[in-house]
């Protein structure tokens, strides 16, 4: 797992299997020193720090005040330079472009999909189909990447990776699922397992979750 004893405040998303899967994808990217990297939904800052260790210029964004504080503290503890901003997804970096964008957004389908998530649930609840934030990323990310720039996006197979890939290809990007990992249900999925089965998002015999990384590249 990425990170060594990061500071994780109550209500801040801690590094988990999806963080680790995305970090593995990050490790395979060619990132010359001085490349500009954006980490949206940074949580405790684990992925931002992984990118900063590569000698890149990193901007991290989170809507949570506690997450921003935790990410700044973890960068200071690691002796790494990371610009951490508070805001909703890409709002704090309008007008800027990046060589690489990392995204671990909320992606879990939620029974009360019409309600705006509050508190810690903002880190995982993403509407009735899990795509409340994913669709926005697919729409907006091409305008934030430089030619040849790459998006690395992690989410659950429950929130339709084919749709993600299709949206990104329709926006003119080369996109595919490059990593997969099956993991046991965590507390959130266990608490809504029956609802997911009624919705047809889980089959009767399915007792674990598949995570995927979607890689999309903007043509040069």
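Read-outs throughout are calculated quantities, based only on the coordinates presented, and are distinct from any laboratory measurement. Since the structure is predicted, the reported quantities are computational estimates derived from the model, not experimental observations. Don't worry about glycine lacking a Cβ; one is built from the backbone with ideal geometry, like all the others, and counts go over all protein chains shown.
Can you tell me the 0 to 90 degree angle between the C-alpha axis of helix 161-170 and the longest principal axis of the chain, rounded to 10?
Its long axis makes an angle of about 50 degrees.
Given points 7 Å out from each Cα along the Cα-Cβ axis, report the residue 193 to residue 177 separation in nanometres with one decimal.
2.2
Just need the relative contact order of segment 52-156 here, percent rounded to a whole number, with Cα pairs under 8 Å and 6+ apart. Numbers along the way, then the final one.
Details: 147 pairs, mean separation 27.7, N = 105.
Worked out over segment 52-156, it gives 26 percent.
Report the Cα centroid-to-centroid distance between segment 27-43 and segment 143-203 in angstrom, as an integer.
Taking the Cα centre of segment 143-203 as reference, the centre of segment 27-43 is 20 Å away.
Note the full-extension length gain between residue 53 and residue 169 as 0.36 nm times their separation in residues minus their Cα-Cα distance, in nm to one decimal. Walk me through the numbers on the way to the answer.
Values: separation 116, 0.36 × 116 = 41.76 nm, distance 3.07 nm.
Computed gain between residue 53 and residue 169 is 38.7 nm.
May I ask for the angle, rounded to the nearest 10°, between helix 65-78 and the longest principal axis of the chain, with both axes built from Cα atoms and the value confined to 0 to 90°?
It works out to around 50 degrees.
Give me the percent relative contact order of the chain, please, defined on Cα pairs under 8 angstrom at least 6 residues apart. Don't skip to the answer; put the middle values down first.
Numbers: 467 pairs, mean separation 40.6, N = 220.
Taking the mean separation of contacting Cα pairs over the length of the chain, I get 18 percent.
What FRET efficiency would be calculated for the residue pair residue 80, residue 185, taking the C-beta separation as r and a Förster radius of 45 Å, to the nearest 0.05? It would help to have the intermediate numbers written out before the result.
On the way: r = 34 Å, r/R0 = 0.75.
Using R0 = 45 Å, I get an efficiency of 0.85.
Under the Kirkwood approximation for Rh and a Cα-based Rg, what ratio Rg/Rh is obtained for segment 87-213?
Details: Rg = 15.2 Å, Rh = 15.5 Å.
Radius of gyration relative to Kirkwood radius: 0.98.
Give me the extension gain from residue 94 to residue 30: residue separation times 0.36 nm, minus the current Cα-Cα distance, reported in nm with one decimal. It would help to have the intermediate numbers written out before the result.
Working: separation 64, 0.36 × 64 = 23.04 nm, distance 2.49 nm.
Stretched out fully, the residue 94 to residue 30 stretch lengthens by 20.5 nm.
Hey, with R₀ at 45 Å, roughly what FRET efficiency would residue 69 and residue 203 work out to, going by the Cβ-Cβ distance, to 0.05? Kindly include the intermediate steps, with their values, before the conclusion.
Details: r = 41 Å, r/R0 = 0.91.
After rounding to 0.05, the efficiency reads 0.65.
Taking only Cα atoms, what is the 0 to 90° angle, nearest 10, from helix 17-27's long axis to the longest principal axis of the chain?
Helix 17-27 sits at roughly 40 degrees to that axis.
Please report the relative contact order for segment 1-113, taking Cα pairs under 8 Å with a sequence separation of at least 6, and give it as a percent rounded to a whole number.
RCO, segment 1-113: 29 percent.
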